[in-house]
Amino acid sequence: MQIILRQTFPLGRFHATPWKVFPYDDPYGEWPPSPWRLLRAIIARSYQVERENSAVTREDREALVTAFSRSTISWRLPEFTWRGPGLRQYQPVEFDLDNPPVKKLKLIPLDLPLRQNLGGRYALLEKSGTRWTFEVFDENRRSISCFETEDEHLIKSFSETKRDVLKRDRSVELKRYSPRSRSYSTTKVQDNFWLTSRGPESEDASSILWWYLTGDDWTPASCDLLEQCLARMTYFGRAESITEISLFRGPLAKPVQSNCDLHATRFTGMVPVLTSKVDATLQQVEATTDDPSLVRSTIPPGAAWFYAERPRRSLPIQKRMFTPERKPTQLVQFAIGARVVPAIRDVVRLTQRFRGRTLRTLLHLLTDGAVKDWRDASHDLCERAALLTGKNADGNPLSTHTHAVFFVHAEQGKPVRLCVWRKYPFDTSELMAILAAADAPLPLGFKSDDWTLTLIPLDSLVPPPPALSGALHGSWETLTPFVPPRHVFNRQGKAKAENSVDAQVRTELENRGFNSENVEIRVEDAGWVKVHQAKGEKGGPSNMDKRGYNIKLAFASPMSGPLFLGASSHFGLGVFVPTGSHQ
């Protein structure tokens, strides 16, 4: 015969700790609920049934214990359950006398006029808010009266007497003891629990905890007693673990199969569950925790440890969101918001972190989260994103300089806009990745440093920065320092004629399709700047600090930009703007 129990937790939490387990040692709590706990709760409620009906005998309880203990038990645990965060709660531990500290008072001896007015030998004057209160004592320093007054003359007279008494040190000390009282001292304990579905408002069988008890010893009488006991059960586990449990007799619309069974042998991933032995007696089940047989044992007599494997939660299926087509564009701009913006020499820290987040977001969008690292991406996927990553499918850098440029626009020496530009328009997936990368604050610090900035997308009404000016200009100058791709000095600190800054600027112009023969170049030292360092190069002999230079170019005939020259030019260094537009 199979008995089915239906249990829910209206507050959505089941509070319980396994038998003789210290809560700090087992932060997971008890799940699934132990049959031993349920059997003891049922027998406890049988006494309430007896008080109400006077029809429950000891033989009835013994029959119920026998039927329960000889049953095979399994559960259908709710699909969506997980360990709660744990609470710390104060609970009483000892009931003892409370000894508050002694209060020492300085009584003021009264002169004859004040004695006649106040009716005592000593007095105290206290002010509470705008009210004055006198407390008067007799010659034995016993309190005889206490009253409020607004008599300014009396208050002034007492204050003058008090000053004189305190000045001559003639006050009388009185020790006032608070009445001794008995109260509880408290301690903070760990409260572990499991979060479950609330249940009653939902008829979904998957949100209910089902018990299956299969055995041959169940009789109509024991089933009736079981049903009456369950109907009177208000909590299960700790007192705050409110429950509703009942004997299920009706048919289910859909069959509910158990997903958690008891095993005598423990395997990986199983948790211990305390259950009753087949020969458990009523006396063993009713034993209290201070019973000598329980105090001296690791598990209560009549019980045994079995093991159960909690079912794994099914991962929610994320619906693929509709991605609207976006108008192709070559430029995406963000306003930079931060309490502390990076200096011009540190703009690469900003651009490379935003680029890295953009590429990770693009990979997630293109693969629905199936691929986590570009090193695991397929050949076609890498080729698909080459104009954003700057590398071909084989992982080699592109030499055409046609991939995306991440740079900043600065005003008065401070970055105010982050720009992403490419010669060829971004497609919908790339635009979504760029915009999604700005959803959260961008961290610029390291480890525990909370230095972040916020990027706010700008619409197409905001004009492009001067670096992307389509007009013809004859003179250009660096907005961010130019870093030569090759070393300007040898190991002895002497300049290399073939690698001078002037020569490397001309080479960079030629590589980008500009005629450098009639270009006048002026070079000024700009100090040390941060450059981009590929992930595979980090930790190597080179470092991220390189010498930068401010460059001014004068062309023989006007030309249009953009001009991004030198090392880390796709990360915001070597950005040129028309002369006069650099504020």
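Brief remarks follow.
- Taking the conditions (1) crowded, with 18+ Cβ neighbours inside 10 Å; (2) in contact with a Ser or Thr (Cβ under 7 Å, 6 or more places away or on another chain) in turn, ILE42 satisfies each one other than (2).
- For the stretch 437-449, the count of residues that are surrounded by fewer than 17 Cβ atoms within 10 Å (Cβ to Cβ), in contact with a strand residue (DSSP E or B) (Cβ under 7 Å, 6 or more places away or on another chain), touching a residue at least 60 places away in the same chain (Cβ under 8 Å) and closer than 24 Å to THR480 by Cα is nonzero.
- Residue in the stretch 70-77 that is part of a strand (DSSP E or B), of a type in the set (Ser, Thr, Tyr) and in the same structural domain as THR234 (by TED's automatic domain parsing) present: yes
- Among the residues examined, TYR122 qualifies as among the hydroxyl-bearing types (Ser, Thr, Tyr), under 30 Å from GLU148 (Cβ atoms) and outside the structural domain of SER206 (by TED's automatic domain parsing).
- Apart from one condition, ASP217 fits all of (1) touching a residue at least 40 places away in the same chain (Cβ under 8 Å); (2) in contact with a strand residue (DSSP E or B) (Cβ under 9 Å, 6 or more places away or on another chain); the exception is (2).
- Residue within the stretch 8-22 that is outside any loop (DSSP other than H, G, I, E, B) and touching a Ser or Thr at 6+ places or on another chain (Cβ under 6 Å) present: yes
- Unmet criterion (only one of (1) in the same structural domain as GLU30 (by TED's automatic domain parsing); (2) at positive phi) for ARG141: (1)
Matching residues to (1) in contact with a Lys or Arg (Cβ under 9 Å, 6 or more places away or on another chain); (2) crowded, with 21+ Cβ neighbours inside 10 Å; (3) free of Cβ contacts under 8 Å to residues at least 24 places away in the same chain:
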| residue | (1), (2), (3) |
| --- | --- |
| GLN7 | no, yes, no |
| VAL21 | no, no, yes |
| GLU52 | yes, no, yes |
| ASP60 | no, no, no |
| LEU64 | no, yes, no |
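- Looking only at the stretch 112-141, and only at residues there that are acidic (Asp, Glu) and loosely packed, with under 15 Cβ neighbours inside 10 Å, the one that is modelled with the highest pLDDT: ASP138
The values are calculated or read from the model by the stated rules, or taken from the named source; none is laboratory data. Everything numeric here is computed off the predicted structure, so don't read it as measured data. For neighbour counting, all protein chains shown are included, and Cβ atoms are generated from backbone atoms with ideal geometry for every residue, glycine included.
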